[in-house]
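Novice: Structure in structure tokens, see below.
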Amino acid sequence: MKRTRTAIAAAATLAALACQLHAGADIVTITAARDATLYQSADGSLANGAGQYLFAGRTAQGLTRRALLWFDIASIVPAGASITSARLVLNVTQANGGNREMGVHRALSAWTTGSSDPSGTESSGADPLAGDATWLHASSDGAGGGIAWQSAGGDFAAAASATLLTTTAGLQTWSSAGLLDDVRLFAQDGTANLGWFILGDESASATARRFDSADSAALGGVAPRLELEFTVVPAPGAAALLALAGLRTRRRR
């Protein structure tokens, strides 16, 4: 009887440990911590760091727009977690033309956002303020200078991490092995996380999309979000304890 009780207690311990080891599986939604739009201009005199919308693609006038996004992944995902899926979701509120392919490209230079907030539809941008990203500057000083991009229009990986044939309205979801690789890198090394560019079809005019920005949430918009699924990998000590408990149970039996 004593051995039976001991075996039952050991089995209960094993079950509790197993639950603890597998309790790390989770799905989290991270809202963009900052975002901005780069408006094509020869002198870098346009910005949008705190507006309600983001833009990507080319306008009817043939001017390029590029959106920037950054998510604080490292502070949300536990260190050492195994990230198994990643989805980037943006909400289109206005669009030119029909369905268009848009790509998510990893940013290669650090950038900041300021408090510029264009009026109206925000399609024309606003004067850059200190900290704003512009077509020429990754971080403007608000007086025509600042930290320049290496290339006008921003520094980003040539190959897209994910592409999507976007529609003209509603939620758009990017998901790919490349996007997942980016997220895993950003979670492991916070210094590598410089965010992403959203690039539209820049081969023709009238291809632009307008998305809700992170600042739109207070106005009823759908902020850009990153949906991640991950599993917390058990510490070696916990795994060893579980194995030891199982060994003792088998011996007592």
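Novice: Give the long-range amide H neighbours of R34: residues separated by 5 or more places, or on another chain, with amide H under 5 Å away, using H modelled in the peptide plane at 1.01 Å from N.
Specialist: Amide H to amide H, under 5 Å and 5 or more residues apart or across chains, R34 pairs with W70.
Novice: A further question follows. Work out the charge dipole of region 26-230 with +1 on the Cβ of Lys and Arg and -1 on the Cβ of Asp and Glu about the Cα centre, then indicate which of S75, L90, A47 is farthest towards its positive end.
Specialist: L90
Novice: Given Cβ point charges of +1 (Lys, Arg) and -1 (Asp, Glu) and nothing else, what value in debye, to the nearest 20, does the dipole of region 26-230 about its Cα centre take?
Specialist: On the way: 11 positive and 20 negative charges, 81 e Å.
Rounded to the nearest 20 debye, it is 380 debye.
Novice: If you add up the charges near G98, with Lys and Arg at +1 and Asp and Glu at -1, over every other residue whose beta carbon is less than 15 angstrom from its beta carbon, what do you get?
Specialist: Values: positive: R58, R100, R209; negative: E101, D201.
Surrounding charge for G98 is +1.
Novice: In sequence order, what are the phi-derived ³J(HN,Hα) couplings for region 130-137 according to the Karplus relation 6.51 cos²θ - 1.76 cosθ + 1.60 with θ = phi - 60°, rounded to whole Hz, with x for glycine and proline?
Specialist: 4, x, 5, 8, 10, 4, 9, 10
Novice: Can you compute 3J(HN,Hα) from phi for each residue in region 76-90, using the Karplus curve 6.51 cos²θ - 1.76 cosθ + 1.60 with θ = phi - 60°, rounded to whole Hz and x for Gly and Pro?
Specialist: Whole-Hz 3J(HN,Hα) from phi for region 76-90: 9, 8, x, 4, x, 5, 9, 8, 9, 7, 8, 9, 9, 10, 10.
Novice: Write down the radius of gyration of region 26-230 and its Dmax, each obtained from C-alpha positions, in Å.
Specialist: 15.8, 48
Novice: Net charge near A208, counting Lys/Arg +1 and Asp/Glu -1 over other residues with Cβ under 13 Å of its Cβ? Present the calculation step by step, with values, prior to reporting the outcome.
Specialist: On the way: positive: R58, R65, R66, R100, R209, R210; negative: E122, D201, E202.
Summing Lys/Arg as +1 and Asp/Glu as -1 gives +3.
Novice: Follow-up. Which net charge results when you count Lys and Arg as +1 and Asp and Glu as -1 among the other residues whose beta-carbon is under 15 Å from that of I198? Please list the in-between numbers first.
Specialist: On the way: positive: R34, R58, R65, R66, R87, R100, R106, R209, R210, R225; negative: D35, E101, D155, D182, D201, E202, D212.
Here the count lands on +3.
The numbers here are math on the coordinates, done by the rules we state, and not lab data. Bear in mind the structure is a predicted one, so any value in this text is a computation, not a measurement. All Cβ positions, even for glycine, are placed from backbone atoms using ideal geometry, and neighbour counts span all protein chains on display.
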